[in-house]
Amino acid sequence: MIRRLRGRLPDSALVLLEPDGPGAILSVRMGGAEVTAIRTAHGAAHNSYLVELPGLRLFHDGDNEQTGLVDRTRLGGLDVLMLCPWQGSGWPEFVRALQPRHWLLIHLTADELEQHALGKFLPALCREVPMAAVGLRPGECLVV
């Protein structure tokens, strides 16, 4: 993302957060926001992000194949959890433990979104957690 934004935004507005290895953490505060990158398991350099703004705590945990790498004590009081549920990665337990106000399925294809709307996309996961997952189509939004 930084490569795409370089030259379009001032360098002072771009921060590269690359934790060293699985479970490692780096944080930066910019203005009123704090962003924490957590290295997770999905390829050579994959991070998940905790974004904290006044009145909003959001965790984007896309493509994390091992939820155990994330220190759950850092994620209490989430307003929004965004996740791409890998089967066998412990997502039901992860969502139940965090109890976010809202959780959204991300990285879904149009067909997967349609299956979710019909209750057929990973139905066991969606039934096991404390609240229903939201699957947003392009252009849709969730107001929290």
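The values are calculated or read from the model by the stated rules, or taken from the named source; none is laboratory data. Treat the numbers as computed from the prediction; the structure is a model and nothing was measured. Neighbour counts are summed over all protein chains in view; Cβ atoms, including those assigned to glycine, are modelled from backbone coordinates with ideal geometry.
Name the single residue that is surrounded by the most Cβ atoms within 10 Å (Cβ to Cβ) among those in the range 12-53 being closer than 13 Å to L69 by Cα and of a type in the set (A, V, I, L, M, F, W, C). Per the criteria, the residue is I38.
Kindly indicate whether any position in the range 52-64 is outside any loop (DSSP other than H, G, I, E, B), touching a Leu at 6+ places or on another chain (Cβ under 9 Å) and polar (S, T, N, Q).
Filtering the range 52-64 down to residues outside any loop (DSSP other than H, G, I, E, B) leaves 52-53, 56-61.
Cutting the leftovers down to touching a Leu at 6+ places or on another chain (Cβ under 9 Å) gives us 52, 57-61.
Right, trim to polar (S, T, N, Q) and you get none.
No.
Cβ-Cβ distances below 7 Å connect the following pairs, each with a first residue in the range 84-96 that is crowded, with 21+ Cβ neighbours inside 10 Å, a second residue that is of a type in the set (A, V, I, L, M, F, W, C) and at pLDDT 75 or above, and a separation of six or more residues or different chains: P85/W91; P85/L105; W91/L83; V95/L81; V95/W103.
If we scan the range 54-62, do we find a residue that is hydrophobic (A, V, I, L, M, F, W, C), buried (at least 16 other Cβ atoms within 10 Å of the Cβ), modelled with pLDDT of 90 or more and within 20 Å of A24 (Cβ to Cβ)? Reasoning before the result, please.
Filtering the range 54-62 down to residues hydrophobic (A, V, I, L, M, F, W, C) leaves 56, 58-59.
Next cut, buried (at least 16 other Cβ atoms within 10 Å of the Cβ) only: 58-59.
After this cut, where a residue has to be modelled with pLDDT of 90 or more as well, the list is 58-59.
Of the ones still in play, those that are also within 20 Å of A24 (Cβ to Cβ) are 59.
The answer is yes; a qualifying residue exists.
So L56 fits all but one of (1) in contact (Cβ under 8 Å) with a residue 24 or more places away in the chain; (2) under 18 Å from H107 (Cα atoms); what number is the exception? The failed condition is (2). Summed over the range 38-86, the residues that are touching a helix residue (DSSP H, G or I) at 6+ places or on another chain (Cβ under 6 Å) and of a type in the set (F, W, Y) give a count of 1.
In the range 92-125, of all residues being in contact with a helix residue (DSSP H, G or I) (Cβ under 7 Å, 6 or more places away or on another chain) and modelled with pLDDT under 80, the one that is nearest to R137 (Cα to Cα) corresponds to F121. Among the listed residues G77, G43, G23, which satisfies the condition of being modelled with pLDDT of 85 or more, at positive phi and not in a helix (DSSP H, G or I)? Only one candidate passes the filter, namely G77. For R72, indicate whether it is in contact with a Phe, Trp or Tyr (Cβ under 8 Å, 6 or more places away or on another chain), basic (K, R) and modelled with pLDDT of 85 or more. Judged against the criteria, R72 is a match.
For L75, the criteria (1) buried (at least 17 other Cβ atoms within 10 Å of the Cβ); (2) under 27 Å from G139 (Cα atoms) hold in every case but one, which is (2).
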